[in-house]
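Everything on this sheet refers to the single structure shown next.
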Amino acid sequence: MKITDLSIPQSVKEIIIKSGLVELYPPQEEAIKARALEGRNLVLASPTASGKTLVAEFCALKHILEKNGKTIYLTPLRALASEKYQEFKKYTSIRKPNGRRIRIGISTGDYDSTDPWLERYDIIVTTNEKADSLLRHRAKWMDEISLVVADEVHLLNDGERGPTLEVVLARLMQVNPDMQVLALSATINNVEEIAEWLKAGYVTTEWRPIQLNEGVVLHEEIQFKDGGARKIEKKSRNSAINLALNTVKSGGQALIFANTRRKAVTLAKKATNEVEKLLSKPVKRALTRDAQKVLSSGERTRISELLAELVEHGTAFHHAGLGGGHRRVIEDSFRRGKIKVLTATPTLAFGVNLPARTVVIQDYRRYEPGYGYYPISVLEYKQMAGRAGRPKYDKVGEAILTAKTSDEADYLMESYILAKPERIWSKLAVERILRSHVLATIAADFAHTERGIYEFFGRTFYAYQYDVKAIKSVIAKILKYLYDEEMIDVAGDDIFATKFGKRVSELYIDPVSAVIIRNALRLKPAYLTDLSLLHMIAHTPDMAPKLRPYTQEIDQVAIFMEEHKEEFLMDIPDEWEDRIAYEELLGEVKTAMVLKGWIEEMSEDQAIEKFRVQPGDLYRTIQNAKWLLHATHELALLFGNKQVRPQTLRLMERIEKGVKKELLPIVKLEGVGRVRGRILYNARYKTIEDIKHAAIKDLVSLPLIGPRLAKKIKEQVGGFVRKEEWKKLEKGEEWEQKALTEY
């Protein structure tokens, strides 16, 4: 089927054809035949890179241009939301019938807002959690949604992310019963079940634009699914590295999945020397530039230095411990074909789109704290294998599992390569997960009686699979908890949220976190330190994952805890009576210690050295802390606690900037972060007034502050810069830049 044959606006056809696509892929054609463009609900289940997103684009643009509708595009991750947002931006040149151009919006943060500005946008890309928070705030514009696209819908099976997606879809279908639902997924076993729940048709296919060869490597020989075999050259004792080098030699790129961050880093280091020998001079020059980007992105740490060194030699690692800036540089360099071997943890398989000619799965087992090692699911294997083959570059992609014995090779072939993915099961009926969704149902006026609550949860995938009776006992237990903790009240058959319950739901925190914060606020201790508040938020279930101490750190954390126990707002469990609670507390205390170090201007490198906390983990902990301190401030406002309010506001600002109290006025200036703020302060520019009266040449003479930034700072504080003085400084900077370039 040709693009020109589709019943979509001509302006859309022109953009698609201009991008080089003239004919539809088979899965796209099947989706059109299944009446996706006619507004029918549809589950499209097909492998990675088979063109699912384009079907969503067609449907979205048809809704906007022909039905004056609005589309919400749901993704499980912020990185994926950003990727989809960039893909949709190509349509912003198209004009609607009213003459206004199509607008694309993205919203992934701030869970305590209705984001009214989103009303102006036609396509809104967001995460499942953000959509859930918007529904809790009853954002009016959500009533106008005529199409919801649920990307990665197989994640209904995920214990953490699945329930939110399930509730959001059920809620949107409740609010907008005439809305079209388009669910996109990797190939799954029980697609017809998900389709029936969504009252949808379904298309399921194994078609890929690039042939996928799956196999197992044992002693440098690959046995493929189709019975074929191939020997690979042995350059290393590690089969995964040999496979990667074999691919690079033939002009391709390799992606190696390891089960831990440490293994990912080790593999990248081991591959470096051999990969470097295979690089051309132009690629080496491009990699040197990318290595410099790594070093100039964020604070310089031992991790960024190691990463830059590896990038320069054509390899890199990718995991959740990397900062966002570093991840973006690595992803961009790999997409452009510069980095030849990328080692990664499996989180990448569920995130951004980074295909490679060869995908190697080195470990089929995962380590879970408290559970030990266990085999991954077939679905997870298929997600990783689906990354094999770069469209437009490769004719064939290879996904290879590594085995150490012939028995293991047989097991991997039977259990993964020849196996079907598992059925998707709802994970909703867990009290910890269901608690906030039950409260939101009442607080956002989606139900006002016990029967109404059961009716709503009767719309969920869980109720479809198991019957709502199975969830009733859990809901009843949650309702009792919410009533006992004064979040809901009852009048006859009516159930309604108290001010406390409504605010907790809007703040998007677990009711248990709210109870911990409320109880701490009621204590009104003789003195309340920053550590008191930092430990309190670390004690909540929303501060997850906590930064658990390593074995060699336990004594250090325990000593710190003993020294500061008077500042804690909750009792310390006995080490011998309740060992699990005590170990949990050590994780909370370490988290509080890291946050305390951060606001005392500990650098990222010091955090790595002292606490073995990597930048990505530090960033997530900081984001969680800001959110929970905001919730604490709002609940202090609700309960009239005047002592805590100014302290939480100041602490939020310090957490965001990573500074001591005295730097707060200075770091509010644009372009002045924690490092430059300290430089200014130590040079005796301690206030805005000091900076206002400083000579611009004196500011320029400080480290990390050049003429342009000095001028920008002076303009912000209302200082005066003489024209002649500025020209002189500008000329000096130009001369310096020229000298550096020539050098």
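All of the numbers you see were taken from the coordinates with simple rules; none came from a lab. Because the structure is a prediction, the values reported are computed rather than measured. Quick reminder, even Gly has a Cβ in these numbers, built from the backbone with ideal geometry, and neighbours come from all protein chains shown.
What whole-number value in cubic angstrom gives the convex hull volume per residue for the C-alpha atoms of region 598-662?
Working: hull volume 4.9 nm³, N = 65.
Given the Cα convex hull of region 598-662, per-residue volume reads 76 Å³.
Shown here are the Rg and Dmax of the Cα trace of region 254-307, at 12.7, 33 Å. Convex hull volume of the Cα atoms of region 126-179, normalised per residue: 73 Å³.
Just check region 8-107 against the gyration tensor rule for me: Cα atoms, a ≥ b ≥ c as the square roots of the eigenvalues, rounded for a/c under 1.5, and otherwise prolate or oblate depending on whether a/b exceeds b/c.
Details: a/c = 1.40, a/b = 1.14, b/c = 1.23.
Note, shape of region 8-107 comes out rounded.
In µm²/s, what is D for the chain at 10 °C and 1.306 mPa s, where D = kT/(6 pi eta Rh) by Stokes-Einstein and Rh is the Kirkwood radius from Cα pairs? In µm²/s, the coefficient rounds to 55. For region 168-245, the fraction of C-alpha pairs farther apart than 13 angstrom is 76 percent.
Selection among 599, 559, 514 by position relative to the dipole of region 511-658 gives 514 as farthest towards the positive end (Cβ unit charges, Cα centre).
Sorting 635-641, 458-464 by average packing, meaning the other beta carbons within 10 Å per residue, from highest down gives 458-464, 635-641. With the highest mean first, a sort of the peptides 37-45, 313-321, 50-58 on other beta-carbon atoms found within 10 angstrom per residue produces 313-321, 50-58, 37-45. Each Lys or Arg adds one and each Asp or Glu subtracts one; over the other residues with Cβ under 12 Å from the Cβ of residue 231, this totals -1.
Per residue and in cubic angstrom, what volume does the convex hull of the Cα atoms of region 275-401 have?
Considering the Cα atoms of region 275-401, their hull volume per residue is 122 Å³.
DSSP finds beta bridges in the chain, and of those with both partners inside it, around 25 percent are antiparallel. For the chain, a crude dipole built from +1 on the beta carbon of Lys and Arg and -1 on the beta carbon of Asp and Glu, taken about the Cα centre, is about 3140 debye to the nearest 20. Given in Å, the Rg to one decimal and the Dmax to the nearest whole number for the Cα atoms of region 418-575 are 19.8, 65.
Grab the eigenvalues of the alpha-carbon gyration tensor for region 511-658, scale each by 5, take roots, and send me the semi-axes largest first in whole angstrom. Write down the numbers at each step before the final one.
Working: eigenvalues 105, 73, 34 Å².
In descending order, the three semi-axes are 23, 19, 13 Å.
Each of 465, 437, 448 was placed along the dipole of region 431-496 (beta-carbon charges, centred on the mean Cα), and the one lying farthest toward the positive end is 465. Derived from the Cα gyration tensor, the three semi-axes of the equivalent ellipsoid of region 84-239 are 40, 20, 17 Å, largest first. Computed with the Debye formula from one identical point scatterer per Cα of region 416-482, without solvent, the log10 of I(q)/I(0) at q = 0.16, 0.20, 0.21 Å⁻¹ comes to -0.53, -0.76, -0.82. Based on the alpha-carbon gyration tensor of region 3-204 and its eigenvalue square roots a ≥ b ≥ c, which shape applies: rounded if a/c is under 1.5, prolate if not and a/b is larger than b/c, or oblate? The shape class here is oblate.
Using the Cα centre of region 584-627 as the reference point, and only Cβ charges (+1 on K/R, -1 on D/E), how large is the resulting charge dipole? Debye, rounded to the nearest 20. Don't jump to the answer; show the numbers that get you there.
Details: 6 positive and 8 negative charges, 24 e Å.
I would put it at about 120 debye.
What Kirkwood Rh does region 628-690 have if only Cα atoms enter the pairwise 1/r average? Answer in Å.
Numbers: mean 1/r = 0.0788 Å⁻¹.
About 12.7 Å, per the Kirkwood formula over Cα pairs.
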